[in-house]
């Protein structure tokens, strides 16, 4: 035991020195591994949650013929058609001006008139054209991609729109507030398919002289042409 004691006392400081050196070099080795992994991820563009914006629309013009269905509060639903022009200030913000045309027609009122011919005198135009002029601020809230039935991949934008304008109908021109959302699916650098849902809030005078604030909803689809043709 007395012979082993000096050897044991000699091994203790050597082992302690080895452990201290190993612990001191561990952070350096971990940092080196982290840097190598980071370089690999950068080289492979493997950041999760980042979708490269291959389609650029900043400072481009967008022309969109559109059509769909107009669901009115005080009248029957009717087809709606028109066009929109958008200038994209940035990738996220754009200014849109649009014109749409639909008809105001009450099927219920027509049925009453058919049964009571004496009511015809109180209604000037059972069917009337309605012209809608609007301006919107368009905000592209999200950008992503979708795979169609296991085939090709398309890029898309989800956007919100908020604005105002005027609605013209026989005998009146009233202010209209408008807001909604939509999707744009980019087929090519110069071409896209779009879907829009808009709520139109305005004061309307019904055929029998009743004033009411209405929330008319339009659902439209269309095609978008981007100028210049390349982003």
**Message:** I'm trying to understand the selection: among the residues of the stretch 166-193, which are touching a residue at least 60 places away in the same chain (Cβ under 8 Å) and either over 19 Å from residue 91 (Cα atoms) or within 10 Å of the chain's Cα centre (by Cα) (or both)?
**Reply:** 169
**Request:** Sort out which residues of the stretch 149-161 are exposed (fewer than 13 other Cβ atoms within 10 Å of the Cβ) and under 19 Å from the mean Cα position of the chain (by Cα), and write them in order of number.
**Result:** 153
**Message:** Testing residue 144 on (1) exposed (fewer than 14 other Cβ atoms within 10 Å of the Cβ); (2) modelled with pLDDT under 85; (3) over 27 Å from residue 230 (Cα atoms), one condition comes back false. Which one is that?
**Reply:** (3)
**Asked** Which residues, taken from the stretch 157-206, are closer than 17 Å to residue 86 by Cβ and outside any strand (DSSP E or B)?
**Response** 189, 190
**Item:** Candidates 94, 135 - the one that is at pLDDT 65 or above, within 20 Å of residue 192 (Cα to Cα), in a strand (DSSP E or B) and in contact with a strand residue (DSSP E or B) (Cβ under 9 Å, 6 or more places away or on another chain)
**Value:** 94
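If I filter the stretch 59-73 down to residues being touching a strand residue (DSSP E or B) at 6+ places or on another chain (Cβ under 6 Å) and either without any contact (Cβ under 8 Å) to a residue 40 or more places away in the chain or outside any strand (DSSP E or B) (or both), which single residue comes out as nearest to residue 159 (Cα to Cα)?
Checking each candidate, the answer is 60.
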**Item:** The lone exception for residue 47 - which of (1) exposed (fewer than 15 other Cβ atoms within 10 Å of the Cβ); (2) at pLDDT below 95; (3) part of a strand (DSSP E or B) it fails
**Value:** (3)
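The values are calculated or read from the model by the stated rules, or taken from the named source; none is laboratory data. This structure is a prediction, so every number in the text was calculated from the model and none was measured. FYI the Cβ positions are ideal-geometry reconstructions off the backbone, even for glycines, and counts take in every protein chain you see.
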